[in-house]
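Have a look at the structure below before the remarks.
Just so it is clear, none of the values below were taken in a lab; they were calculated from the coordinates. Just so you know, these numbers come straight off a predicted model, no measurement behind them.
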Amino acid sequence: MKTDLKSFDSKELNTFIADMGQKAFRSKQIYQWMHKQLACSFEEMTNLSKELREKLADEAVICGAKAVKRQVSSDGTNKFLMELSDGNHVESVLMKYKHGNSVCISTQAGCRMGCRFCASTVGGLIRNLRVSEMLDQIYEIQRITGERVSNVILMGIGEPLDNYENVVKMIRMLSDEQGLNISQRNITLSTCGLTEKMRQLAGENLTITLAVSLHAPNDRIRREMMPVAGRYTIDEIIDACKYYIKKTGRRVTFEYSMVEGKNDSPAEAKELSRLLHGLNCHVNLIPLNPVEGRMGQRSMRERIEEFKLILEKYHINVTIRREMGRDIDAACGQLRNKNEGGKLHESLCKD
């Protein structure tokens with residue numbers, strides 16, 4: 001198997017290039033070709049000799065993911081189906097805001113968390129993504145659109161903390177000044193609440209935003225929605241969040257999908273307010289994207305607004321997530337699941 005060069009950080013690449021008998025400056029050139037100029041082939045690296053390019057092509061590969069299908073929403077949101085080198089597929093989403101372009105990427109092919117309202121878990125976990133496969137979702141979108149990505153969200157298919165080492169390495173490389181140099185403050189990592197990994201993440205000296213998929217004010221409701229709640233109680237998650245906040249000085253975001261008749265009553269809003277009282281946090285209320293065969297329907301807009309007002313009354317910072325891409329298989333995993341039923345026939349067209 002050829003070496004996955006794009007998954008090497010600068011130190012690892014230095015060693016690889018030195019072992020090839022090349023001078024150190026070649027390593028920096030190659031790194032910047034991959035991570036700043038977003039080269040897809042060694043042939044593009046025109047300041048390298050033809051001999052070196054051929055040798056690299058014999059020993060290594062530099063492309064981790066390729067967009068094979070693109071859906072464009074009426075609101076400007078772009079959803080991409082990315083094909084990996086082994087034929088597996090993941091999803092990435094480009095969301096355009098006034099403050100810049102945000103890309104939501106996948107960290108695993110499939111997911112084993114089993115959340116009952118999520119399309120990503122259908123079929124379970126296939127495998128973790130390599131560093132190159134996560135980076136290339138961002139790079140591919142920049143290559144296709146010609147626009148810079150300024151914010152990255154690890155909230156696509158998969159549980160990021162279930163692919164811990166690769167995800168942390170990817171974040172460091174994404175924020176490397178030799179690459180895209182995206183500020184870590186503009187990177188959000190979403191987790192179902194793997195508490196031991198949350199505590200480990202607090203010690204990584206990163207300045208990212210941690211988002212915790214809470215979705216319920218108590219363990220009884222959370223276990224009905226998220227099987228992982230049988231392993232991690234809400235009290236344990238809150239304790240891990242307090243540790244993270246104290247260790248990093250960063251506010252935690254709680255994701256809360258609003259499911260009609262399940263977790264959206266005024267009583268549950270008050271219970272959530274008591275749970276989060278005094279915590280340096282922000283609550284993101286999410287109108288549920290209905291997924292065929294999965295749990296429940298979205299709460300009525302009036303119920304979501306009422307829920308928000310109750311949290312605000314108890315001095316909890318809260319917003320209702322802006323809905324984007326509802327007309328293009330908006331829920332994470334839907335496009336991938338559709339594709340698994342047959343071959344793709346649509347071509348990918350550039351702007």
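Please list, or write none, the lysines whose alpha carbon is within less than 26 Å of the alpha carbon of LYS262, excluding same-chain residues fewer than 8 places away.
Partners found: LYS270, LYS308, LYS313.
Give me a comma-separated list of calculated 3J(HN,Hα) values for the stretch 192-198, in order, Karplus coefficients 6.51, -1.76, 1.60 applied at θ = phi - 60°, integers in Hz, x for any Gly or Pro.
With the stated coefficients, the stretch 192-198 comes to 6, x, 7, 4, 5, 6, 4 Hz.
Pairing the Cα long axis of helix 24-35 with the longest principal axis of the chain, what angle in degrees results, from 0 to 90 and rounded to the nearest 10?
Once rounded, the angle reads 50 degrees.
I need the per residue convex hull volume for the stretch 1-110, using only the alpha carbons, in cubic angstrom as a whole number.
Per-residue hull volume (Cα only) is 139 Å³.
Collect residues whose amide H, placed 1.01 Å from N in the peptide plane, falls under 5 Å from the amide H of ALA67; neighbours closer than 5 in sequence don't count.
Result for ALA67 returns GLU83.
Pull up all non-local amide H partners of ARG298: gap of 5 or more, or a different chain, and H-to-H distance under 5 Å with H placed in the peptide plane.
GLU260
If you line up the long axis of helix 50-59 against the longest principal axis of the chain, both from Cα atoms, how many degrees apart are they, to the nearest 10?
50 degrees
Take the Cα coordinates of the chain, assign each an equal point scatterer, and use the Debye formula without solvent to give log10 I(q)/I(0) at q = 0.06, 0.12, 0.14 Å⁻¹.
-0.23, -0.88, -1.16
Could you name the aspartates and glutamates whose alpha carbon sits less than 14 Å from that of LYS197, not counting residues in the same chain fewer than 8 places away?
Counting by Cα, and skipping residues close in sequence, LYS197 has these aspartates and glutamates nearby: GLU159, ASP162, GLU165, GLU236, ASP239.
Between helix 266-276 and the chain, what is the angle of the helix's C-alpha long axis to the longest principal axis, kept within 0 to 90° and rounded to the nearest 10?
60 degrees
Can you tell me how the stretch 3-61 classifies by the Cα gyration tensor, rounded, prolate or oblate, using a/c under 1.5 as the rounded cut?
Working: a/c = 1.28, a/b = 1.07, b/c = 1.20.
Here the stretch 3-61 falls in the rounded category.
Go through LYS23/LYS55; LYS2/LYS50; LYS96/LYS246; LYS28/LYS50; LYS28/LYS169 and tell me which ones have a Cα-Cα distance over 21 Å in this structure. All intermediate terms of the calculation are to be shown ahead of the outcome.
Values: LYS23/LYS55 15 Å; LYS2/LYS50 19 Å; LYS96/LYS246 33 Å; LYS28/LYS50 17 Å; LYS28/LYS169 18 Å.
From LYS23/LYS55; LYS2/LYS50; LYS96/LYS246; LYS28/LYS50; LYS28/LYS169, over 21 Å: LYS96/LYS246.
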